[in-house]
Amino acid sequence: MIKTVLIIPHILVHNANALSSPFTIGFPAMSAWLGAIHALQRKLNSDGFEELKFNATAVLSHKADLQVHKGVGDYVNSIIGTSNPVDKDGKRPAFIEEARIHLDVSLIIEFSGLHKRDEERFKERVSHHLQSRMKMASGDIFGFKKPTIERVEDDNEEDIRRIRGKLMPSYAIVERRDLMLEAMSRGLDAMDALLEYVTITNSSQKDEEGKVLWSSKRKTAGWIVPIATGFQAISELGKAKNQRDANKPHRFAESVVTLGEFKMLYKIESLDEILWHYSVDKEHGLYLCEQNKNN
């Protein structure tokens, strides 16, 4: 199957939201990235590309600079806060501490509904919107390289190699719910299953000379991290006081957190390994970002 993809290389995002869920900090949630792409699609639909649809998105990280500080002798990192202007009395105003991260990312966006004759205007409008104060994961866009359009046959090794060559070195974020399912099949609850794979275990042993040798390891190989991939409903659909859109039903929800892996791009053999899309399970109240490979 041939996919048509838009590649936006090296987007520099400043002060993106690093608080990906109520209890995880680091790379922005997948819902933040897909939300930004959906917002871009809506802008392009308003430009006259009515049939355009962004179907799935891959996020590739080239560089991430989490705004934290660890002093001499400190056990944990501290969030570096912003310096807000003083109020009318000359005092510092109250503010909510925010976790921020500076990023260099590339996006691969699978799309449909665009005529070939409109591709140059399409790329021009993409660049225009990215330059026009558009946010990405709540961060400001400081720059990006020229967007390109590629046609990729997913089982064609040469096509995949060409895409890898354009975007390396980088890490693609992929879902590893298989690790969660394996741990939970052994009777662990979701939190214990997550912690089992991100915990670093230290051990020591003495050599023949009596010298103590320390080693550290995790349960499995790979750069395994917790990732936020959507929301689960905790109330029925209804109305809430002062809800943002009075015409849409409302429900309260909580974050869905699972395990993910930052995987070096040269290990990727198919675009479906890294593409994410929206998925809704109304029966169980799940609003998720899932990968094509999970279908």
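The values are calculated or read from the model by the stated rules, or taken from the named source; none is laboratory data. None of these values were measured; they are calculated from a predicted model. For neighbour counting, all protein chains shown are included, and Cβ atoms are generated from backbone atoms with ideal geometry for every residue, glycine included.
General observations
- Qualifying residue in segment 274-283 (condition: touching a residue at least 40 places away in the same chain (Cβ under 8 Å), touching a Phe, Trp or Tyr at 6+ places or on another chain (Cβ under 6 Å), more than 22 Å from residue 170 (Cα to Cα) and part of a strand (DSSP E or B)): no
- Scanning segment 14-59 for residues that are more than 12 Å from the chain's Cα centre (by Cα), closer than 23 Å to residue 287 by Cα, not in a helix (DSSP H, G or I) and not β-branched (Val, Ile, Thr) yields a total of 7.
Here's the yes/no breakdown for (1) closer than 11 Å to residue 259 by Cβ; (2) loosely packed, with under 10 Cβ neighbours inside 10 Å; (3) without any contact (Cβ under 8 Å) to a residue 40 or more places away in the chain:
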residue	(1), (2), (3)
177	yes, no, no
182	yes, no, yes
187	no, yes, yes
197	yes, no, no
200	no, yes, yes
205	no, yes, yes
211	no, yes, yes
214	no, yes, yes
222	yes, no, no
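- Filter result for residue 166 (modelled with pLDDT of 95 or more, closer than 13 Å to residue 7 by Cβ and among the charged types (D, E, K, R)): no
- Candidates 34, 66, 52, 60: the one that is modelled with pLDDT of 85 or more, under 23 Å from residue 230 (Cβ atoms) and in contact with a helix residue (DSSP H, G or I) (Cβ under 6 Å, 6 or more places away or on another chain) is 60.
- Residues located in segment 275-285, provided they are at pLDDT below 95 and aliphatic (A, V, I, L, M): 280
- Just one of the listed residues (159, 154) is in contact with a Leu (Cβ under 8 Å, 6 or more places away or on another chain) and closer than 30 Å to residue 1 by Cα, and it is 154.
- Of all residues in segment 105-121, exactly one satisfies the criterion of being of a type in the set (S, T, N, Q) and in contact with a His (Cβ under 7 Å, 6 or more places away or on another chain), namely 106.
- Some residue of segment 92-100 being within 29 Å of residue 264 (Cα to Cα) and either surrounded by 18 or more Cβ atoms within 10 Å (Cβ to Cβ) or in contact with a Ser or Thr (Cβ under 6 Å, 6 or more places away or on another chain) (or both): yes
- Whenever a residue of segment 116-140 is exposed (fewer than 12 other Cβ atoms within 10 Å of the Cβ), its partners that are part of a helix (DSSP H, G or I), lying with C-beta atoms within less than 9 angstrom and at least six residues away or across chains, give the pairs 132/43.
- When 11, 7 are checked against the criterion of being out of contact with any Asp or Glu (no Cβ under 7 Å at 6 or more places or on another chain) and not in a helix (DSSP H, G or I), a single residue qualifies: 11.
- Unique residue being within 21 Å of residue 148 (Cα to Cα), polar (S, T, N, Q) and under 20 Å from the mean Cα position of the chain (by Cα) when the list is 112, 106: 106
- Which listed residue is in contact (Cβ under 8 Å) with a residue 40 or more places away in the chain, crowded, with 16+ Cβ neighbours inside 10 Å and within 30 Å of residue 157 (Cα to Cα), from 6, 66, 19: 6
- Residue check, residue 108 out of contact with any Lys or Arg (no Cβ under 8 Å at 6 or more places or on another chain), in contact (Cβ under 8 Å) with a residue 40 or more places away in the chain, among the aliphatic types (A, V, I, L, M) and not in a helix (DSSP H, G or I): yes
- Within segment 251-273, tally of residues that are in a loop (DSSP other than H, G, I, E, B) and not aromatic (Phe, Trp, Tyr): 4
- Counted as qualifying within segment 131-250 are the strands (runs of 3 or more DSSP E) with 1 or more residues that are over 21 Å from the mean Cα position of the chain (by Cα) and within 30 Å of residue 112 (Cα to Cα), namely 148-153.
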